[in-house]
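Report on the following structure.
The values are calculated or read from the model by the stated rules, or taken from the named source; none is laboratory data. Predicted model only: the values in this text are computed from it and were never measured. Neighbour counts run over all protein chains shown; Cβ positions are idealised from the backbone, glycine included. Quick note on the areas: whole protein, heavy atoms, side chains included, nothing else; ligands and nucleic acids left out. Shrake-Rupley method; radii C 1.70, N 1.55, O 1.52, S 1.80 Å.
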Amino acid sequence: MTGLNILLHERFGREPRLFIRTYGCQQNVADSERIRGILHQCGCTDAADENSADIIVFNTCAVREHAEDRVFGNVGNLKGLKKQRPEMIVAVGGCMVQQKHIAETFRNSYPYVDIVFNTNRIAALPELMTDLILRDRR
């Protein structure tokens, strides 16, 4: 077990359940599989849907405005769920958040989003989650 495996198990009391929602192109699908593989190595299993997930990752697309609108709407729909289950981890990544103003919108207008990462930071997800969990313990 890695350090993150232990921290996640302590946070959720079991193997954490992961749900990834992917928007966009084939590259985003490939990136989502990469994210899934990384988080499976950290002890996560797949959840059937967002309601049964402990960790929700939105892998976003910046190409179409409609996709951006859907992301903002779907992330917004998690506000109540996150309030009920504050230990849940919500992450938003992908090419949409590579746009500085979009990343700032998530940070400023969606305070229940725990992690915002771009495509260059996929491999850093375990580190970002570890930092989040340790910060939450304080």
C-alpha long axis of helix 26-41 to longest principal axis of the chain, angle in °: 10 degrees
The chain: angle of helix 65-76 to the longest principal axis, Cα-based, in degrees nearest 10: 30 degrees
Estimated D of the chain in µm² per second, where Rh is the Kirkwood radius over Cα pairs and Stokes-Einstein applies at 25 °C, 0.890 mPa s: 165 µm²/s
Carbon and sulfur %, accessible surface of the chain computed with the full protein complex present, 1.4 Å: 47 percent
Within-10-Å neighbourhood charge of ALA47 [Cβ basis; K, R +1; D, E -1]: -3
For the chain, built as a Gaussian network whose Cα springs stay under 10 Å, the top-fluctuating residue of PRO86, PRO126, PRO16: PRO86
Taking the stretch 71-120 and dividing mean pair separation by its residue count, relative contact order in percent (alpha carbons under 8 Å, at least six apart): 41 percent
Label-to-label distance, nm, for residues given as ILE6 and HIS40 (7 Å Cα→Cβ offset): 2.5 nm
GNM result for the chain, Cα springs below 10 Å: residue of ASP54, ASP31, ASP69 fluctuating most strongly: ASP69
Span from the the stretch 70-117 Cα centroid across to the the stretch 1-46 one, whole angstrom: 17 Å
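Excluding ligands, DNA and RNA, what is the solvent-accessible area per residue of the stretch 38-122 at a probe of 1.4 Å, expressed in Å²?
49 Å²
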Max mean-square fluctuation residue, GNM over the chain, Cα-Cα springs under 10 Å, options ARG17, ARG85, ARG107: ARG85
